[in-house]
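Here's the structure, in structure tokens; my notes come after.
The values are calculated or read from the model by the stated rules, or taken from the named source; none is laboratory data. Predicted model only: the values in this text are computed from it and were never measured. Quick reminder, even Gly has a Cβ in these numbers, built from the backbone with ideal geometry, and neighbours come from all protein chains shown.
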Amino acid sequence: MATFWTYDYACSLHEEWTFLLRSRWTKVKCLYIIVRNIPFAIFITELYLYFIPNEDSEKCGMLINIYSGFSFISVVCSEFMFVLRTYALWNNNRFVLVATVCIAVAFVVIAAIDIVFTTVATSHVTTSTILPGCYRTSRRIQFSMPFLLLFVFELGLISLTLVRAIQSWQTVNGPLYTVLVKHDILYYACGLFLAAINVIMQMLFSQYAYHSVFDDFQFYVLAILATRMHLHLWHLNQQYHILGSDAIMLAPMSDMSIVD
């Protein structure tokens with residue numbers, strides 16, 4: 001996964017620097033920078049956990065908690081990028097923004113409490129005499145709760161996106177708007193699928209080693225999709241401005257800061 005992420009980062013480095021240097025500073029750009037760079041902290045921490053000899057179980061537990069914290073932040077920031085994009089699709093509807101943010105904050109608080117007071121407290125950390133590194137050997141079934149909440153939240157967002165797309169089917173013909181809808185639906189579909197896989201795997205297997213690979217895969221894939229899609233949308237928006245296209249005007253968005 002570290003190789004996969006580094007390769008993706010290298011492939012889009014030129015486009016990313018163009019975006020970082022030319023785009024104006026907005027809340028979405030700040031989220032982009034966090035989502036784009038925090039996976040480096042995730043896989044560096046995880047590689048250190050698994051490959052650096054460590055016989056101190058308390059230190060192992062602390063490092064695993066740091067890794068879990070980075071992963072949690074990555075997923076939350078990725079989701080909030082698409083909360084703002086859903087808000088833009090709904091023509092900056094304040095009710096949609098307040099409702100989605102309140103639900104997101106409630107789910108984040110519940111998931112954080114579950115991770116800190118249930119999952120971490122009941123997990124067992126061990127060191128291996130055969131292989132170097134630290135390992136979480138078991139966890140309680142409540143560990144699937146954050147993924148279940150993520151599944152429900154993304155189901156709500158994809159429903160909002162589909163409703164808005166149906167409402168605007170005949171009135172909006174802008175390519176930018178079409179790309180925005182397609183990106184959102186693809187992101188939520190992938191998120192729903194991966195969250196469902198994680199919930200099922202964690203209900204079937206109690207050992208952390210069996211399903212940890214699916215956890216990591218979801219963290220990285222959501223981050224890649226969120227950043228790649230936003231990068232593509234921004235470059236598409238710049239092309240329309242350069243070509244003098246009226247596609248931007250066709251999109252029912254009073255504020256295009258979501259891609260600027």
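Tell me, which residue of region 46-90 that is β-branched (Val, Ile, Thr) and in contact with a Ser or Thr (Cβ under 9 Å, 6 or more places away or on another chain) is surrounded by the fewest Cβ atoms within 10 Å (Cβ to Cβ)? Can you show your working first?
Here is the first cut: in region 46-90, the ones β-branched (Val, Ile, Thr) are 52, 64, 66, 73, 75-76, 83, 86.
Then drop every residue that is not in contact with a Ser or Thr (Cβ under 9 Å, 6 or more places away or on another chain), which leaves 64, 66, 83, 86.
On the way: ILE64: 20, ILE66: 15, VAL83: 20, THR86: 23.
If we take residues in region 46-90 being β-branched (Val, Ile, Thr) and in contact with a Ser or Thr (Cβ under 9 Å, 6 or more places away or on another chain), then ILE66 is surrounded by the fewest Cβ atoms within 10 Å (Cβ to Cβ).
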Open item on the list: Of all residues being loosely packed, with under 13 Cβ neighbours inside 10 Å and of a type in the set (D, E, K, R) in region 12-45, which is farthest from SER68 (Cα to Cα)? Just the residue, please.
Closed with: ARG22
Open item on the list: Condition first: at pLDDT below 85, outside any helix (DSSP H, G or I) and farther than 24 Å from ARG36 by Cβ. Can you find one or more residues in region 104-124 that meet it?
Closed with: yes
Open item on the list: Could you list, ordered by first residue, the pairs with Cβ atoms under 9 Å in which the first is in region 3-20 and over 17 Å from TYR32 (Cα atoms) and the second is in a helix (DSSP H, G or I) and not charged (D, E, K, R), at least 6 apart or interchain?
Closed with: PHE4/TYR220; PHE4/ILE224
- [ ] Would you mind stating whether GLU46 is assigned to a helix (DSSP H, G or I), of a type in the set (Asp, Glu), closer than 19 Å to PHE82 by Cα and touching a residue at least 24 places away in the same chain (Cβ under 8 Å)?
- [x] no
Open item on the list: For region 12-43, give me each residue that is hydrophobic (A, V, I, L, M, F, W, C), assigned to a helix (DSSP H, G or I) and either over 20 Å from the mean Cα position of the chain (by Cα) or closer than 27 Å to LEU63 by Cα (or both).
Closed with: TRP17, LEU21, CYS30, LEU31, ILE33, ILE34, VAL35, ILE38, PHE40, ALA41, ILE42, PHE43
